[in-house]
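What follows is a set of notes on a single structure, which appears directly below.
The values are calculated or read from the model by the stated rules, or taken from the named source; none is laboratory data. In this text the structure is predicted, and so the values were computed from the model without any measurement. Using ideal geometry, Cβ is built from the backbone for each residue, glycine included, and neighbour counts are taken over all protein chains shown. Heads up: the accessible areas ignore ligands, DNA and RNA and are worked out on the full protein's heavy atoms, side chains in. Shrake-Rupley method; radii C 1.70, N 1.55, O 1.52, S 1.80 Å.
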Amino acid sequence: MSGKTWTVLGIETSCDETAASVVRGLAPGPGEILSNIVFSQTEAHAPYGGVVPEIASRAHLEILDTMIERALADAKLSLAEVDGIAATAGPGLIGGVMVGLTTAKALALATATPLIAVNHLMGHAMTARMTHGVEFPFLLLLVSGGHCQLVGVGGAEDFRLYGSTIDDAVGEAFDKAAKILGLPYPGGPAVELAAKTGNPRAYELPRPMKGRDGADFSFSGLKTALRLLAQDGAKDGISVEDAAASFQAAVIESLVDRTRAGMALFRRDFREGNVLVVAGGVAANQAIGAALAKLAGQEGFVTRIPPPRLCTDNAAMIAWAGVERLSAGRAGDALGISPRARWPLAAPA
Ligand code: KG4
Ligand code: ZN
């Protein structure tokens, strides 16, 4: 690493993870994660089968201070030693975002340190720079509980949307599939585990959007097909493992087909570009990662997928987004900046 490095405290509270982290580095990375603490509220929400916003914001409020103290202690730094304080300012559950952003504002004001209001999706998008030092441009497949999109990333402020879901996000589809199959929440890891011992060809399920023009996704039809399969099977019984494997195989075939289409669109914009970054919680799925790596091999791309704990929500990616901002020589945000429930990363290309 050459030149000055930047040390940033990151705060993430946009969904059901309360997280704080300190990261040091200089874009394009890789960066050094000095501490990375994630408290998952999974148990608090599990009885309801999904995230309850009111419970989430209260839980963030209760522990965020302690998490920040621990992140600084683990990094062996005091607040006075960080160059920036970055917090997710959206998109997400507004109550939680307010807790994190307000805390960051207070710390920034008290220490006269720049505040960096981070788009959560930007955090996911840039993680592969922190982990692998990926240079621009790259094709981003962002697959999480709330988002499913293919984006050409030409720079830290150059995002081109090639495709997105017309209904459910892929993580959401995993969560709903788990519910249908009686698997625990959160659904993604549970479906992946069940699929490991199932036969992916046991049940015929649709491959949504396969072969369609453009690079959009759709998952609600697949979810409905799985529900019908489970309803029919209620009489004779279906194998949960086989159903999970068949569902995951359908998701994979759809993702691979759409990503192939996205690669063609990306190559039109960036002739020499050959890196596929997969980000967001669903990127933690090993079977999906393997299928995308195979596709990349066929299409002359290489894949860069951060390790699972940096794919799901965390604050290191938010701190890194702060490092990106400071590395680009750009100023912090005004303390009056508002949290945003909705905040798209990219407009259609
Ligand atoms: O990025 P993330 O932690 O939160 C959002 O910003 O949405 O993503 C959470 C989503 C959930 O829908 C979860 O079921 C899914 O990612 N997920 C997975 C896996 N691990 C997490 N989906 C499939 N396979 C996994 N192993
Ligand atoms: Zn996320």
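A few notes on this one:
- Expected 222 nm ellipticity per residue - DSSP helices of 4 or more, -39500 (n - 2.57), all of the chain, to 500: -14500 deg cm²/dmol
- Under 5 Å, built H, 5+ apart or other chain: amide partners of ARG304: LEU276, VAL277, VAL278
- Each of ALA202 and ALA46 was given a label point 7 Å from its Cα along the Cα-to-Cβ line. The distance between the two points is 2.4 nm.
- Accessible surface calculations at 1.4 Å, restricted to protein heavy atoms, place the chain at 42 Å² per residue.
- Under the Debye formula (equal points on every Cα, no solvent term), log10 I(q)/I(0) of the range 137-306 at q = 0.09, 0.17, 0.18 Å⁻¹: -0.29, -0.95, -1.05
- Translational diffusion coefficient (Stokes-Einstein; Kirkwood radius from C-alpha pairs) of the chain at 20 °C, 1.002 mPa s, in µm²/s: 105
- Residues in the range 56-68 carry Karplus couplings, in order, of 4, 5, 5, 5, 4, 4, 5, 10, 4, 4, 5, 5, 5 Hz; the curve used is 6.51 cos²θ - 1.76 cosθ + 1.60 with θ = phi - 60°, and Gly or Pro positions show x.
- Counting only alpha carbon atoms, the long axis of helix 240-269 and the longest principal axis of the chain meet at about 60°.
- Accessible area of the chain belonging to carbon and sulfur atoms, whole % at 1.4 Å probe: 53
- Length released on extending from GLU69 to ARG260, taking residue separation times 0.36 nm less the Cα-Cα span: 64.3 nm
- Sequentially through the range 302-312, phi angles give Karplus couplings (6.51, -1.76, 1.60; θ = phi - 60°) of 10, 9, 10, 10, x, x, x, 5, 9, 7, 6 Hz, Gly and Pro residues having no value and appearing as x.
- Taking a straight line from the alpha carbon of LYS294, these lysines sit under 21 Å away, with near neighbours fewer than eight places off in the same chain left out: LYS196, LYS210.
- Using a probe of 1.4 Å, the accessible surface attributed to SER338 totals some 70 Å² when neighbouring protein chains are kept in position.
- Mean Cα-pair separation over length for the chain, i.e. relative contact order, pairs under 8 Å, 6 or more apart, %: 25
- With a simple spin-label model that places each label point 7 Å from the Cα along the Cα-to-Cβ direction, the separation between ARG309 and ASP236 comes to 4.6 nm.
- When the GluC sites (Glu not before Pro) in the range 206-302 are filtered for DSSP coil states and for at most 13 other beta-carbon atoms within 10 Å of their beta-carbon, the remaining sites are GLU272.
- Relative contact order (%) - criterion: Cα under 8 Å, at least six apart; region: the range 129-199: 20
- Among ARG325, ARG227, ARG304: highest mean-square fluctuation, GNM of the chain, C-alpha pairs under 10 Å: ARG227
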